[in-house]
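> First, the structure itself, so that you have it in front of you.
All of the numbers you see were taken from the coordinates with simple rules; none came from a lab. Since we're looking at a predicted model, the values are computed, not measured. Neighbour counts run over all protein chains shown; Cβ positions are idealised from the backbone, glycine included.
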Amino acid sequence: MKRSGSATEDTMKIEVIGGYGGESLGCRMTCLLINDSIALDAGSLSQALTIERQVGVDWILLSHSHIDHTSSIPFFIENVFNRRQRTIDIYASMATTYAIRKYLLNNSTWPDFTRLPNNLLPAVRFHELQDERPLELDGVRFTPIPVDHPVPTHGFLIEQDGKAVLWSSDTGPTRRLWEIANGTPGLQAVCLDTSFDNSLQQIADVSFHLTPRTLERELEKLEPNIPVLLHHLKPPCVEQIRAEVRALRNPDLDFLEQGKVYRF
Ligand SMILES: [Zn+2]
Ligand SMILES: [Zn+2]
């Protein structure tokens, strides 16, 4: 299912729409746009793209149900509804789909767009993601990998034309993600949660997130020396996290920059 030539030839284009684990001035919530047509999480899909570019998004993959990853779905649907011929296909775990249908698209907080304009041709359709079962969209292959967070959550191995990027958002210390990373030839980079600074270690532990301290331990599980791009920083912790990451003096570490377009 390869669509228009939105990416330059044989290059995977990843645009960081939202790079944070919370919302504040200049901080948008987690959302990537891949090859202009696939959104990976939807914390800010309606907030940084023109309506025309939003209309070009055909698929949304969701890591989990938390609102910093899903909150723009109602507004995105409203923006593109009536401007598209096609249904928007959302891929999510059964638990995530259940939560969105129950709490967001429930006819109380927002209309149920899985039944509008009618049951036969709805604006939105949900499809179930299953652990480690790959899915191909627009020539890009996504493999959902279970990670460790209070609700069922996936990271994704993202592959196109022999190149791969491993993206994980919310997780505490985890295992399977690193086995996949170490077993993937052509892995170009890993994107990883660093939500809290070290002074909030206890909060990070109980909410299953990483700090620079636990990040450093996680990186001992990664065999190849490749860039590790950190994201999902909580807005009040940004400056402290950056200082603590710099103090680790690991040349592979960098931050996934909101607004930047990466090509792999
Ligand atoms: Zn989150
Ligand atoms: Zn979360």
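> Between K163 and R83, what is the label-to-label distance in nm when each label sits 7 Å out along the Cα-to-Cβ direction?
2.9 nm
> Follow-up question, since we're still on this one. With 10 angstrom as the radius, rank Y91, Y103 by how many other C-beta atoms surround their C-beta, starting from the fewest. Intermediate values should be presented prior to the final figure.
Values: Y91 22, Y103 14.
Lowest count first: Y103, Y91.
> What's the FRET efficiency of D205 with K260 using the Cβ-Cβ distance as r and R₀ = 30 Å, to the nearest 0.05? Please list the in-between numbers first.
Numbers: r = 30 Å, r/R0 = 1.01.
FRET efficiency, D205 to K260: 0.50.
> Taking +1 at the Cβ of each Lys and Arg and -1 at the Cβ of each Asp and Glu, which of T50, L219, L137 sits farthest along the dipole of the chain towards its positive end, judged by Cα position relative to the Cα centre?
Value computed over the given set: T50.
> May I pose another question? So the label point goes 7 Å from the Cα of E132 along Cα→C-beta, right? Which residues of the range 55-93 then have their backbone N under 19 Å from it?
Flagged as within label range: 93.
> Can you tell me, using C-alpha contacts under 8 Å and at least 6 residues apart, the relative contact order of the chain as a whole percent?
Details: 577 pairs, mean separation 47.0, N = 264.
Averaging sequence separation for qualifying contacts and normalising by length gives 18 percent for the chain.
> Could you pull out every one of the aspartates and glutamates with an alpha carbon less than 19 Å from that of K221, ignoring same-chain neighbours closer than 8 positions?
Within the straight-line cut-off, K221 pairs with D148, D170, E179, D193, D205, D252, D254.
> When the helix-only estimate is applied to the chain (DSSP H runs of n ≥ 4, each -39,500 (n - 2.57), divided by the residue count), what is the mean residue ellipticity at 222 nm, nearest 500 deg cm²/dmol? Walk me through the numbers on the way to the answer.
Values: 7 runs with 54 residues, N = 264.
Here the helix-only value at 222 nm equals -5500 deg cm²/dmol.
> Here's a follow-up. Please report how far the C-alpha centroid of the range 36-82 lies from that of the range 165-226, rounded to the nearest whole angstrom.
Result: 25 Å between the Cα centres.
> Using Cα positions and a limit of under 30 Å, work out the lysines in reach of K102, with same-chain residues fewer than 8 apart set aside.
K234
> Further, regarding this structure: Most exposed first by the Cβ proxy, i.e. fewest other Cβ within 10 Å, how do F156, F126 rank?
Sorted ascending by nearby Cβ count, the order is F126, F156.
> Can I ask one more? In what order do V151, V16 fall by count of nearby beta-carbon atoms within 10 Å, going from fewest to most? Walk me through the intermediate numbers first.
Numbers: V151 14, V16 23.
Fewest-to-most ranking of V151, V16: V151, V16.
> Follow-up. Mind pulling the angle between the C-alpha long axis of helix 238-247 and the longest principal axis of the chain? Nearest 10 degrees, somewhere in 0 to 90.
Rounded to the nearest ten degrees, it is 40.
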